[in-house]
Amino acid sequence: MPTKKSSAAATSASVESVKQIEYLSRALKAPRIREAATRLADQAREASWTHEEYLAAVLSREVSARDAAGAEHRIRAAGFPGRKSLEDFNLEHQPALKRDVVAHLATATFIDAAQNLVLLGPPGTGKTHLAIGLGIKAAHAGHRVLFATATDWVTRLQEAHATGRLGNELARLRRYGLIIVDEVGYIPFEQDAANLFFQLVSSRYEHASLILTSNLPFARWGDVFGDQVVAAAMIDRIVHHADVLTLKGSSYRLKDTGIATLPSARAENTAQ
């Protein structure tokens, strides 16, 4: 049976250990180590953990917390117009979209391989939701992500070109594992804008990934970019290493309005 003296000595040693952990966690800039060490200590004693098991559990909490904080930072920096989780995407509204395909894309391995994803279909079928959801998954997987509409990307490139920074800007953007280009085709581009967009696509070809969404089939991209040759060269680079998914049906946003279809969702817009 332990004496009062031995119990007091043990308590004093425990207090000193806690102080040392607090100091070391501050030195390492890892405050969660202190919190986890204190919280898990009693559990470790009761379960008779080895020293190695206890250390692994404490460090695991720190790494998990850092990963979560890093992912949150990457999500905020991506410029998403809103948060759309992949889990909330209504696959029942897109029965032709296979769950295993979406699940595979959610692993973000296509980004590791510098492959692209193109989402084609009428407005309201979930293209942007799916793109954002996959972008968030990519951020959780450790990838840097940027989101903007096609017109916003062109504006960004025009500003860089006007100040002589286009080459540097394209090089900087290549450091992002994933760039999402939303709404290709909603507004036609002038020749200079089309050429800048082509340079963006070319600079990422086999280097980094793109997700593009469009309400138009590839056959009509020449109308958007004002040049069939430029459009063909661009599509060639985009789809060389890419998955192309076609979303069909009426707008999910209009499902309770009684409106059956939209002008751009008619037969002429069938993605090919």
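The values are calculated or read from the model by the stated rules, or taken from the named source; none is laboratory data. No experiment lies behind these values; they were computed from the predicted model shown. When we count neighbours, we look across all protein chains shown, and the Cβ atoms used for this are built from the backbone with ideal geometry, even at glycine. When the accessible area is computed, the model is the full protein with side chains, heavy atoms only, and any ligands, DNA or RNA have been set aside. Shrake-Rupley method; radii C 1.70, N 1.55, O 1.52, S 1.80 Å.
Some observations on this one:
- Heavy-atom accessible area ranking, 1.4 Å probe, most first, across LYS19, LYS137: LYS19, LYS137
- Rounded to the nearest 10 degrees, the angle from helix 127-140 to the longest Cα principal axis of the chain is 30 degrees.
- Of the solvent-accessible surface of segment 169-232, computed with a 1.4 Å probe over protein heavy atoms with every protein chain present, carbon and sulfur atoms account for 50 percent.
- Placing +1 on each Lys and Arg Cβ and -1 on each Asp and Glu Cβ, with no other charges, gives the chain a dipole about its Cα centre of roughly 900 debye.
- Helical mean residue ellipticity (222 nm; -39500 (n - 2.57) per DSSP H run of 4+; nearest 500) of the chain: -17000 deg cm²/dmol
- Rounded to the nearest 10 degrees, the inclination of helix 191-204 to the longest alpha-carbon principal axis of the chain is 40 degrees.
- Applying the Karplus relation 6.51 cos²θ - 1.76 cosθ + 1.60 with θ = phi - 60° to segment 216-222 yields 3J(HN,Hα) values of 10, x, 4, 4, 10, 5, x Hz, where x marks Gly and Pro.
- Residues considered: GLY135, GLY126, GLY79. Largest GNM mean-square fluctuation over the chain, using C-alpha springs under 10 Å, is found at GLY79.
- Taking the 1.4 Å solvent-accessible surface of segment 13-80 as the whole, the part contributed by carbon and sulfur is 55%.
- Here ALA65 and ALA96 are evaluated by their C-beta separation; at R0 = 25 Å the FRET efficiency comes out at 0.05.
- Of the residues LEU166, HIS51, THR128, the one whose Cα sits farthest towards the positive end of the charge dipole of the chain is HIS51 (charges of +1 on Lys and Arg Cβ, -1 on Asp and Glu Cβ, taken about the Cα centre).
- For segment 59-113, the solvent-accessible area works out to 63 Å² per residue, with a probe of 1.4 Å and every protein chain left in place.
- Net charge over other residues, Cβ less than 13 angstrom from the Cβ of GLN158 (K, R count +1; D, E count -1): -3
- Taking the alpha carbon gyration tensor of the chain, multiplying each eigenvalue by 5 and rooting it gives semi-axes of 51, 23, 14 Å, largest first.
- Here the 3J(HN,Hα) profile of segment 45-61, calculated from phi with Karplus coefficients 6.51, -1.76 and 1.60 at θ = phi - 60°, is 5, 5, 8, 6, 5, 6, 4, 5, 5, 5, 4, 4, 5, 5, 5, 4, 4 Hz, Gly and Pro shown as x.
- Considering only the Cα atoms of segment 35-180, their convex hull presents on average a projected area of 12.8 nm².
- Hull volume in cubic angstrom per residue (convex hull over the Cα atoms of segment 151-255): 109
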